[in-house]
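**Student:** Below are the structure tokens for one structure; questions will follow.
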Amino acid sequence: MDLLKEKIVAEGKVLSDTVLKVDAFLNHQIDPVFMQEIGKEFANRFRDKNITKILTLESSGIAPATMAGLELDVPVIFARKRQSLTLTNNLLTADVYSFTKQTTSKISVSHDFIQADDRVLVIDDFLANGQAALGLMDIAEQAEATVAGIGIVIEKGFQEGGQALRDKGVKVESLAIIDSLENKQVVFKEEVRQ
Ligand code: G4P
Ligand code: NA
Ligand code: NA
């Protein structure tokens, strides 16, 4: 997605060989008009998948997931990372390990909002090692729903997640794939559209 790549080049900051800061439009400040374009792009890529629910993880997944939900006209559910006062019954949970933080966190979704007949599109802002997306898939599978696709805003192609998810045989669409962040330069992977 050219608009996204332009935005990354113009507003992103390469913090290290492995970390890209995009607080200006994705992880802190949100550009709603741009985010709507992200939603349209996800919708176009998954329109033939008969999606009935979108599943994401708080907090940075919520904006792109909501815009995709608006376009596909389906509900958006965000997994919680912290225990909720009111969300206590009927919980589906998964453990998500962060390689960066070297911590495991429990994410949870109420079974009330995902059923066996759902076709779920998992959306997240970043794909690094894939643990968050795998946790969301796990939750959908616990509900016996079908994971019909995974949509990622920015994939770091030099980390393991993309391979791990594609090995599961699910359609993964990343709107920008970064090959390298070395020398403070963002190098994108050549786009090959199926
Ligand atoms: P990891 O094992 O490589 O750390 O991956 P993990 O999926 O655990 O990522 C931890 C957090 O860091 C996630 O956000 C993820 O989206 C984010 N992240 C991973 N790589 C990058 C990167 O290069 N740039 C940016 N900006 N973020 C990255 P989170 O803790 O869930 O936070 P939230 O923003 O969703 O609240
Ligand atoms: Na994030
Ligand atoms: Na995230």
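The values are calculated or read from the model by the stated rules, or taken from the named source; none is laboratory data. Please read these numbers as outputs of a predicted model, since none were measured by experiment. Here Cβ is always computed from backbone atoms with ideal geometry, including for glycine, and neighbour counts include all displayed protein chains. With ligands, DNA and RNA removed, areas are computed over all heavy atoms of the protein, side chains included. Shrake-Rupley method; radii C 1.70, N 1.55, O 1.52, S 1.80 Å.
**Student:** Ignoring ligands, DNA and RNA, how do THR100, THR146 rank by accessible area with a 1.4 Å probe, largest first?
**Tutor:** THR100, THR146
**Student:** Next up: When the helices in the chain are scored as -39500 (n - 2.57) per DSSP H run of 4 or longer and the sum is shared across all residues, what 222 nm value do you end up with, to the nearest 500 deg cm²/dmol?
**Tutor:** Result for the chain: -8500 deg cm²/dmol, rounded to the nearest 500.
**Student:** List the residues, sorted by chain then number, that are 5 or more residues from GLY61 or on another chain and whose placed amide H is less than 5 Å from its amide H.
**Tutor:** ASP125
**Student:** Going by a ≥ b ≥ c, the root eigenvalues of the Cα gyration tensor, does region 85-152 fall in the rounded group (a/c under 1.5), the prolate group (a/b larger than b/c) or the oblate group?
**Tutor:** oblate
**Student:** Restricting to DSSP loop positions (anything but H, G, I, E, B) with no more than 12 other Cβ atoms inside 10 Å of their own Cβ, which trypsin sites (Lys or Arg not before Pro) remain in region 1-109?
**Tutor:** Sparse-neighbourhood loop trypsin sites (Lys or Arg not before Pro): ARG82, LYS101.
**Student:** Output the pairs from LYS5/LYS171; LYS40/LYS81; LYS7/LYS168; LYS49/LYS168; LYS101/LYS189; LYS40/LYS189 with a Cα-Cα distance over 23 Å in this structure; if there are none, say none.
**Tutor:** Listed pairs above 23 Å: LYS40/LYS81; LYS7/LYS168; LYS101/LYS189.
**Student:** So for THR104, THR66, what's the accessible-area order with a 1.4 Å probe, most first?
**Tutor:** THR104, THR66
**Student:** Something else now. Name the longest site-free stretch of the chain, where the excluded sites are GluC sites (Glu not before Pro) in a DSSP loop with no more than 16 other beta-carbon atoms within 10 Å.
**Tutor:** 59-143
**Student:** Could you give the length gained by full extension between LYS184 and ASP48, i.e. 0.36 nm per residue of separation minus their alpha carbon distance, to one decimal place?
**Tutor:** Using 0.36 nm per residue and subtracting the Cα-Cα distance, I get 45.1 nm.
**Student:** Something else: Rounded, prolate or oblate: pick one for region 1-106, where a ≥ b ≥ c are the square roots of the eigenvalues of its C-alpha gyration tensor, a/c under 1.5 means rounded, and failing that, prolate if a/b is larger than b/c, else oblate.
**Tutor:** Judged from the Cα gyration tensor, region 1-106 comes out oblate (a/c at least 1.5, b/c at or above a/b).
**Student:** Something else: How compact is the chain by the rule of thumb for globular proteins, expressed as Cα Rg over 2.2 N^0.38 Å?
**Tutor:** My calculation over the Cα atoms of the chain gives 0.98.
**Student:** Whole angstrom only: what separates the Cα centroid of region 87-122 from the Cα centroid of region 132-186?
**Tutor:** Value for the Cα centre distance between the two parts: 16 Å.
**Student:** Normalised by the number of residues in region 87-194, what is the relative contact order in percent for Cα pairs under 8 Å and 6+ residues apart?
**Tutor:** 21
**Student:** For LEU20, what residues show an amide H to amide H distance below 5 Å, using hydrogens built from the backbone and excluding near sequence neighbours?
**Tutor:** Long-range HN contacts for LEU20: LEU15.
**Student:** Working from Cα positions, state the angle (0 to 90°, nearest 10) between the long axis of helix 131-142 and the longest principal axis of the chain.
**Tutor:** Computed tilt is about 20 degrees.
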